[in-house]
């Protein structure tokens, strides 16, 4: 209920009896003085004396709402509208409260009644926009907000609601402009600052977003959403210590804020503090309604892959828990149908949050370019908010494109079903802003997991794609999916800005590196790395990942564990700068051997090292997530870098360090081997992928019942 509506609440019709009239006036005075409990008691007395006066109930509902008694306010306002059906103010306030209670269908009904009774009612149109957003009808939400603005151009809340609806549609620049207009009209509209920050963050304008969240918090220091959103923007800037502090502040303000607890978990995960991350996720799960908890369950599944303190049985139980919660929901889409492709092509739907400059996009874009468009129609469902030149390349190749980040799992599934998708390919399901729970609704008859690193757990996810190293025949790892194998899974173009080999061979003791995400660097890995450095006293270890090592807490913890295992402090180098691709790859010129992480192996990072001619020592475990680097080394003939145990990992790394001179001489040969290998053969890889698509589609058609 906005401020204008609260003022109107004090102007209800006065009862005709002098006694009730005096009490009514006293209640209005108490309400104006902020003495809400006393005002409520007085309105109740008036209502008892004049039970048929809808205006009294209207004001009573207002003071109940202002005290947080939302369910009571709903009951009171329903009584008011029953007494006086043509009471648009009461319908509007009822709609506002129902929106707050997350009952958007009821809210829409009340607000529609309000604008039917009074078509020129800007506040009702403004609030209807919010209800329509909650119903995932952003186009209608935009129209309602624009109607409010037409009726009252100076209504700042309507401009802000318009901006949020535009953001839901992926129209981020327009969203920023709308929030800016809202703030120009009302510089004290704190929600507009928060909404503006969200749009700026999604545009990648992180410095501006951080500043705007600061303005919101200056106006309302206890604004929990702004603290949490600030933390997310800071984490995207790799300011991990500050991000964690912001998430903690959000929780201090609102202890039962599930999203803030989950965000704090993601902050801990980025720092490699995995048990703390899981604790945060579990806390968030206890606060969130089950139907809204998919992102928390997904975070738990993602975090599990980084941990070296859980076994195969634990991994199976974690994935099965996700399936128990989000699988078996196909009946929700009954009655939603789509037409077949008019040209008889197989309709492929790619669902991903990573259709921008991202490793998954780097792997997939070459294949998308190579797809046989006479056999396949390509449709994309973008569940992320980041957009850049790479996004536009995907869009240009699409037969159908949908920005669905602002929609629920059910709404996304309905869109996929309505589009008649034959094969839905879920890319890297558990990571970033991806939505694996959509697949539990079975929007497509065939569903495939691609670029994920473990099972989804879902029976509805029919297949997972890997190769013979990622998915070894006879392997014991649990998969709910049928396993499909390409001759070689990893494929990518060589980096466009691949620097030339060093002009002169590097001299001196060996230099090791790890440029992987610190979340992958476990205590066990640090312990083994410390032993490697201790065995080669002149050696060094260079650690780099974006700006993550600008965190004193992270550097201090890593250095402590490395030195406890035998390394000297001066053997460890932290690089905190965030570089463009060419400058980043040039850091490999200063290193000799890359050390892979475990149990979560490097993927794109390992490919980059090998493309620069740097060998990667790896230790694959008993799970798919550990085998990415090993799967690249096999076709390059570099199996000598694959360890079979912790001791073997240390021994092979030390041996590689002692052979640093030889590896320096082989850099160009390794680079050339990568360029010639099937790791860089996107056309051939795509043909193999298409054969799998054809095979699973034939299998589906063969199994489908035929009409009598």
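The values are calculated or read from the model by the stated rules, or taken from the named source; none is laboratory data. Worth saying up front: this structure is predicted, and the values here are computed from it rather than measured. Neighbour counts run over all protein chains shown; Cβ positions are idealised from the backbone, glycine included.
One line per residue, one yes/no per condition, for (1) buried (at least 19 other Cβ atoms within 10 Å of the Cβ); (2) touching a residue at least 24 places away in the same chain (Cβ under 8 Å):
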{"position": "202", "(1), (2)": "yes, yes"}
{"position": "212", "(1), (2)": "yes, no"}
{"position": "230", "(1), (2)": "yes, yes"}
{"position": "241", "(1), (2)": "no, yes"}
Exercise for review: Evaluate the following for residue 457: is it on the phi > 0 side of the Ramachandran plot, in a loop (DSSP other than H, G, I, E, B) and either touching a strand residue (DSSP E or B) at 6+ places or on another chain (Cβ under 9 Å) or surrounded by fewer than 21 Cβ atoms within 10 Å (Cβ to Cβ) (or both)?
Suggested key: no
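Can you say whether residue 583 is modelled with pLDDT under 95 and out of contact with any helix residue (DSSP H, G or I) (no Cβ under 9 Å at 6 or more places or on another chain), as far as the supplied structure shows? Step through it out loud before you land on a result.
Numbers: modelled with pLDDT under 95: yes; out of contact with any helix residue (DSSP H, G or I) (no Cβ under 9 Å at 6 or more places or on another chain): yes.
Yes: the conditions hold for residue 583.
Among the residues that make up the range 655-664, is at least one of them outside the structural domain of residue 467 (by TED's automatic domain parsing), within 36 Å of the chain's Cα centre (by Cα) and within 28 Å of residue 509 (Cα to Cα)? Full working, then the answer.
The initial filter retains those residues of the range 655-664 that are outside the structural domain of residue 467 (by TED's automatic domain parsing), namely 655-664.
Applying the additional criterion that residues be within 36 Å of the chain's Cα centre (by Cα) yields none.
No, there is no match, as no residue in the range 655-664 is outside the structural domain of residue 467 (by TED's automatic domain parsing), within 36 Å of the chain's Cα centre (by Cα) and within 28 Å of residue 509 (Cα to Cα).
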Practice item. Please state which of the following conditions residue 498 fails to meet, knowing it meets all the rest: (1) in the same structural domain as residue 606 (by TED's automatic domain parsing); (2) surrounded by fewer than 19 Cβ atoms within 10 Å (Cβ to Cβ); (3) closer than 23 Å to residue 628 by Cβ. Key: (1)
Exercise for review: Go through the residues of the range 178-188 one by one and say whether even a single one is surrounded by fewer than 24 Cβ atoms within 10 Å (Cβ to Cβ), in contact with a helix residue (DSSP H, G or I) (Cβ under 6 Å, 6 or more places away or on another chain) and modelled with pLDDT under 95.
Suggested key: no
Review point. Is there a residue being closer than 23 Å to residue 489 by Cβ, over 19 Å from the mean Cα position of the chain (by Cα), modelled with pLDDT of 90 or more and not in a loop (DSSP other than H, G, I, E, B) anywhere in the range 335-348?
Key: yes
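Yes/no per residue for (1) free of Cβ contacts under 8 Å to residues at least 12 places away in the same chain; (2) surrounded by fewer than 23 Cβ atoms within 10 Å (Cβ to Cβ); (3) under 27 Å from the mean Cα position of the chain (by Cα); (4) closer than 30 Å to residue 680 by Cβ:
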| residue | (1), (2), (3), (4) |
| --- | --- |
| 540 | no, yes, no, no |
| 550 | no, yes, yes, no |
| 553 | no, yes, yes, no |
| 563 | no, yes, no, no |
| 571 | no, no, no, no |
| 578 | no, yes, yes, yes |
| 583 | yes, yes, no, yes |
| 604 | no, yes, yes, yes |
| 609 | no, no, no, yes |
Point to revise | First in the range 58-74 and crowded, with 24+ Cβ neighbours inside 10 Å, second anywhere and at pLDDT below 95 and part of a loop (DSSP other than H, G, I, E, B), Cβ under 6 Å, 6 or more apart | key: 58/12; 59/12; 65/1
**Study point:** Filter result for residue 486 (in contact with a helix residue (DSSP H, G or I) (Cβ under 6 Å, 6 or more places away or on another chain), surrounded by fewer than 21 Cβ atoms within 10 Å (Cβ to Cβ) and free of Cβ contacts under 8 Å to residues at least 60 places away in the same chain)
**Key:** no
Practice item. Go through the range 508-535 residue by residue and tally those that are out of contact with any helix residue (DSSP H, G or I) (no Cβ under 8 Å at 6 or more places or on another chain) and either over 20 Å from residue 625 (Cβ atoms) or free of Cβ contacts under 8 Å to residues at least 24 places away in the same chain (or both). Key: 2
Exercise for review: Might you check whether a residue that is at pLDDT 95 or above, over 21 Å from residue 257 (Cα atoms), part of a loop (DSSP other than H, G, I, E, B) and touching a helix residue (DSSP H, G or I) at 6+ places or on another chain (Cβ under 7 Å) occurs anywhere in the range 189-212?
Suggested key: yes
